[in-house]
Amino acid sequence: MTTTEKTELTYRWAINHAIAEEMRRDPTVIFYGEDVGKHGGNFGVSRALLDEFGEQRVLDTPISEQAIIGTALGAALTGLRPVVEIMFAGFLCTCFDGIFMKLGTWQQRYHCASLPVVVRAPMGAAGGAGAEHSFSPEALLIHSPGLKVAVPSTPYDAKGLLKTAIRGDDPVIYLEHILLYTRKGTVPSEEYLVPFGQADIKREGKDATIVTYSAMVFKALAAAEQLSQEGIEAEVVDLRTLVPLDEEAILNSVKKTGKLVIVHEAMERGGVAGEITAIVADKAFDYLDAPIKRVAALNVPLPHSAKLEAMCIPQEKNIVEAVKSLL
Amino acid sequence: MEIPKEKLLELYQKLVTCRKVDDKLYELNTTGVFSGWLHLGAGQEAMPVAVGSILHKDDYLKPGRGEHCAVAKGIPLKSIFASMMMKKLETEKPESAIYAPEYGLLGISGSLGEDIPIYVGAALSSKQLGTDRATVCFFGDGTANRGPVHEAMNLAAVWKLPIVFICENNQYAISMHVSGAFAVADIADRAAGYGMPGIVVDGNDVVACYEVAYNAINIAREGGGPSFIEAKTYRLRGHWEGDPEYYRPKEEIEEWKKKEPLKRYTEELLELGILTAEDVERCDAEITAEIEEAVKYAESLPSPSLEELTETLRL
């Protein structure tokens, strides 16, 4: 029996290590974006990559998101495996044709088997950055027929999912929550991958299911802890990827608890929670003992004020209240 | 520059093929053989033919208006017609009028200009992987005003990529005349702003097109970075088949018909004695037969099933 070596890593460094390891492994992996080279990334994710891999493989670009996305697609069709960074996920809207109509459809339109592009983008409310810089775009992305969407919460998942994304043959939008960059977690020293389409039960429980992802996993876990002190055991299902979606994990948990709360930081209307609600209503209707509850952001652009922002997005107490309302 | 006689004849043969494919597509579309929306390119053959006669088979080429680039690059006519009819090819590899990786065609965008960065990405691959594959990107005057074109051209210049941008200025973006869309007389003026050479050429003169494209492609291939060529031309048909064309006078179209590239080049070659009237007739008959055969083959192919349409989806 071998013991697994583990190290403590922040989410930021877990992402950094994933890119570095894959660049060492495969010379066709290149990495580029705005301020990712000398500056090491707006959030420091790509520090030291330029030093190790040089300007040939780590490229700083002008502020040109449409060019970043389009060139990544073209490079992926012609022998490279580009990993690109869009500085904020809200800026995906500046190159949305490239993301949605091109990356998301090219394989199907042209029957090209391989389109290995990974687009990394930091997202989420991080203390009053305003509408664009705080936007959570995942609902727009899952509507695409051909994009995979990853939303890791822990350093372990962040590293394993990114390595899977870089090795895969399909375009992936990989959304990193800004507030998670400094959060630490244990990560094995040896190589590992986390498969897409497999949710992770971050806490087991029998009384209610909380389905969530990204930074909201930690608010959900805190809410579950609080509920536990009152004798209510909530199960927290971390989706890890939204496309492909682990329907089975959601349905199994709902079949066990009979109650479902879906939590996300993105706005409620037209959000991921609506999609999950439809799936559960369709496939596990008879197991539900209560209505499905969504806990999501108000349908507003997030304000340029940390205090107001906090009022617009789900907090621990909203999750606690939603679970209790079903019991 | 001295262009060898066989190259001059290749240009002629390709011009005729492009025009006849265009005519045939019009016929097939109006008689209901295929039903997709159609943007034909009669009158704009010269530059695509020139470029298709310069590029190597594996160089990357982003097609412009009509199917001229596909024809000139040498994609088999049967594949072109089959793809226009959305038929299922018998080959393992995808090959259509717009996506044929073996011929360097990587697909096009319905929303204008969004594909220019994609081909800049192909040029990035050439540089990164150390191949000598050049890229040529066609787009129109209308597309020249789109944001991604600006971003892509700038990035290509900054990274000194092996690519040539060719703007086919046919003077109308659907109904918008260039005079209402540009405050400069020549779109090629913009090249200076990207730090690349900007060349204006008579886009209906196939030999002139060949010369400027030849130089620009050589510069790109040899590591000299991108160039921007503006080919002034005119589309002889509407923007789409069925376009009432209220926006341009009939006299203007008639004037340009006199300057269209095939007629002009045929007259030149006859005058120079490179072609005889019999050659013209024979070439016409041969290409007509080739097209008929390709169409017959395409019509005989089955349409893909719904399962086949979705088989590349792995999500």
Work out the mean other chain Cβ neighbour count within 10 Å for the residues of B:122-131 and drop it here as an integer.
6
For segment B:217-315, state which GluC sites (Glu not before Pro) are in a DSSP loop and have at most 11 other beta carbons lying within 10 Å of their beta carbon.
B:Glu222
Interchain or sequence-distant (5+) residues whose placed amide H lies within less than 5 Å of the amide H of B:Gln171 are B:Asp141, B:Thr233
CD proxy at 222 nm, helix term only [per DSSP H run n ≥ 4: -39500 (n - 2.57); per residue of the protein assembly as shown; nearest 500]:
-12000 deg cm²/dmol
For A:Lys38, which lysines qualify as cross-link partners when the Cα separation must be under 21 Å and same-chain residues fewer than eight apart are set aside?
B:Lys160
Where does the Debye-calculated log10 I(q)/I(0) of the protein assembly as shown sit at q = 0.09, 0.10, 0.11 Å⁻¹, using only Cα point scatterers of equal weight, no solvent?
-0.79, -0.93, -1.06
The long-range amide H neighbours of B:Lys62, using H built 1.01 Å from N in the peptide plane and a cut-off of under 5 Å, are B:Val136, B:Cys137, B:Phe138
Which entries of B:Lys62/B:Lys296; A:Lys159/A:Lys202; A:Lys159/A:Lys283; A:Lys163/A:Lys307; B:Lys62/B:Lys93; B:Lys14/B:Lys62 show an alpha-carbon separation above 25 angstrom in the structure shown?
B:Lys62/B:Lys296; A:Lys159/A:Lys283; A:Lys163/A:Lys307
Go through segment B:147-231 and name the trypsin sites (Lys or Arg not before Pro) that are in a DSSP coil and have 16 or fewer other Cβ atoms within 10 Å of their Cβ.
B:Lys160
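Based only on other Cβ atoms within 10 Å, what is the fewest-to-most ordering of A:Ile99, A:Ile178, A:Ile232, B:Ile116? Display every interim value, and only then the final one.
On the way: A:Ile99 27, A:Ile178 21, A:Ile232 18, B:Ile116 31.
Result, fewest neighbours first: A:Ile232, A:Ile178, A:Ile99, B:Ile116.
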Within chain A, longest stretch clear of exposed GluC sites (Glu not before Pro) (DSSP loop, no more than 11 other Cβ within 10 Å):
A:56-189
Considering only the other residues whose Cβ falls under 12 Å of the Cβ of B:Ile187, what net charge follows from Lys and Arg at +1 and Asp and Glu at -1?
-3
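Are there trypsin sites (Lys or Arg not before Pro) in segment A:225-323 that DSSP puts in a loop and that have at most 15 other Cβ atoms within 10 Å, and which ones? Walk me through the intermediate numbers first.
On the way: sites: A:Arg240, A:Lys255, A:Lys256, A:Lys259, A:Arg269, A:Lys283, A:Lys293, A:Arg294, A:Lys307, A:Lys317; in loops: A:Arg240, A:Lys259, A:Arg269.
For trypsin sites (Lys or Arg not before Pro) across segment A:225-323 that sit outside H, G, I, E and B with at most 15 neighbouring Cβ atoms in 10 Å, the list reads A:Arg269.
From Cα pairs below 8 angstrom and at least 6 apart in sequence, can you work out the relative contact order of segment A:200-325, rounded to a whole percent? Walk me through the numbers on the way to the answer.
Values: 218 pairs, mean separation 35.0, N = 126.
Relative contact order here is 28 percent.
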Proxy reagent accessibility, fewest Cβ within 10 Å first, across B:Leu105, B:Leu38
B:Leu38, B:Leu105
Take B:Cys283, B:Cys167 and order them by how many other Cβ atoms sit within 10 Å, fewest up front.
B:Cys283, B:Cys167
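Any read-out appearing in this document is the output of simple, stated calculations on the displayed coordinates, not a laboratory observation. Worth saying up front: this structure is predicted, and the values here are computed from it rather than measured. Note that we place each Cβ from the backbone using ideal geometry, even for glycine, and neighbour counts take in every protein chain shown.
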